[in-house]
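See structure below.
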Amino acid sequence: MKDLFTIGEIASLFSVNIRTLRYYDAYGILKPERTDPDTGYRYYSTRQFERLNTIKYLRALDMPLEKIARFFENRDTQVLRGLLQEQRKETQGKLEKLHQIERKLEKRLSQLDDAEYGEPDTISLVHCPARSLAFLKKEIRPDEDLEYPIRELDQKSGLESMIFLGKVGLSISRARLMERQFDAYDGIFVLVEQEDRFQGEERTLPEGEYVQIRFSGTHQNAGAYYQKLFTYMEENGLSCAGDSVEVTLIDAGFTDDESKYVTQLQIPVAF
């Protein structure tokens, strides 16, 4: 049997990148048996085989090199048990985060399907569950750029910017709605999902009945649709029971094609 193996031979035997072996050497967890002082070539003996196998196993468990080095400093079953338990706990945390991401993806895909293939310009009476939101009271014009108010809301509430797509909304107060004033909003909000990190004050949209319409366009086009909803409410004996909920389901965050923009408008009603 050979006494020494080159770094290339070790890389081939263990299916490890040569740069990785050099990094292990520099980190101090896998020193070669001998390094030629003239050429700098590294040579390994079979004594490194078991150590490299251990490193590969622990790396397959996504264990960081710092912990692997800690194990080699005190090779003991209890030390290994402790490291494995730590790694299991961290892995469980990563899995929960991945599950949260999966749930957010499912919701966003469902919302996209609903927005793209739902019936536009059709008024319906829908029952909505209670919804949580982060709210910033601020007068906003329909033609105003929402980026700065969104950043204000983000700063106030500690929300992660990634959650805003398809969940930003504007609201007109009930008092303004009753005066048929649809030319300004009283606040901006973000619908908060269970998976969202949220540190600020949380508001709740109450469970109840809402008249709803979706249309192609943005908040600048909403005025005529508010009027349509109020006409429908008058014809069906419904009264306005709260502030409006106006959400852009598809906007510039999703597409450059403005013809594909979709906004949903809801007003809570009482019979």
Practice problem: Just name the residue that is most open to solvent (accessible area, probe 1.4 Å) out of those in segment 170-193 that are among the small types (Gly, Ala, Ser) and assigned to a loop (DSSP other than H, G, I, E, B). | Solution: 173
Quiz item: If you go through segment 215-226 one residue at a time, do you hit one that is modelled with pLDDT under 95, open to solvent by 30 Å² or more (accessible area, probe 1.4 Å), more than 30 Å from residue 98 (Cβ to Cβ) and not in a helix (DSSP H, G or I)?
Solution: yes
Quiz item: Within the set of pairs 6 or more residues apart or between chains, which connect a residue that is under 25 Å from residue 223 (Cα atoms) inside segment 141-157 to a residue that is assigned to a helix (DSSP H, G or I) and modelled with pLDDT under 90 with Cβ atoms less than 8 Å apart?
Solution: 150/164
Quiz prompt | Residue count, segment 248-257 (criterion: more than 20 Å from residue 171 (Cα to Cα), open to solvent by 40 Å² or more (accessible area, probe 1.4 Å) and without any contact (Cβ under 8 Å) to a residue 40 or more places away in the chain) | solution = 2
Self-check item: Residue satisfying all of: in segment 46-56; touching a Phe, Trp or Tyr at 6+ places or on another chain (Cβ under 9 Å) and not in a loop (DSSP other than H, G, I, E, B); surrounded by the most Cβ atoms within 10 Å (Cβ to Cβ) among these
Solution: 55
Exercise. Keeping to segment 8-45, report how many residues are surrounded by 17 or more Cβ atoms within 10 Å (Cβ to Cβ) and over 21 Å from residue 60 (Cβ atoms).
Key: 3
Exercise. Within segment 97-151, track down each residue that is modelled with pLDDT under 90, charged (D, E, K, R) and open to solvent by less than 60 Å² (accessible area, probe 1.4 Å).
Key: 104, 108
Quiz prompt | First in segment 75-99 and closer than 13 Å to residue 63 by Cβ and part of a helix (DSSP H, G or I), second anywhere and open to solvent by less than 70 Å² (accessible area, probe 1.4 Å) and hydrophobic (A, V, I, L, M, F, W, C), Cβ under 7 Å, 6 or more apart | solution = 79/71; 80/71; 83/63; 83/71; 87/61; 87/63
Self-check item: Positions within segment 70-83 being open to solvent by less than 60 Å² (accessible area, probe 1.4 Å) and over 12 Å from residue 54 (Cβ atoms), in sequence order
Solution: 79, 82
Quiz item: Going through segment 232-247 one residue at a time, which ones are touching a helix residue (DSSP H, G or I) at 6+ places or on another chain (Cβ under 8 Å) and either surrounded by fewer than 17 Cβ atoms within 10 Å (Cβ to Cβ) or assigned to a loop (DSSP other than H, G, I, E, B) (or both)?
Solution: 238, 239, 241, 242, 243, 244
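The values are calculated or read from the model by the stated rules, or taken from the named source; none is laboratory data. Please read these numbers as outputs of a predicted model, since none were measured by experiment. Note that we place each Cβ from the backbone using ideal geometry, even for glycine, and neighbour counts take in every protein chain shown. Quick note on the areas: whole protein, heavy atoms, side chains included, nothing else; ligands and nucleic acids left out. Shrake-Rupley method; radii C 1.70, N 1.55, O 1.52, S 1.80 Å.
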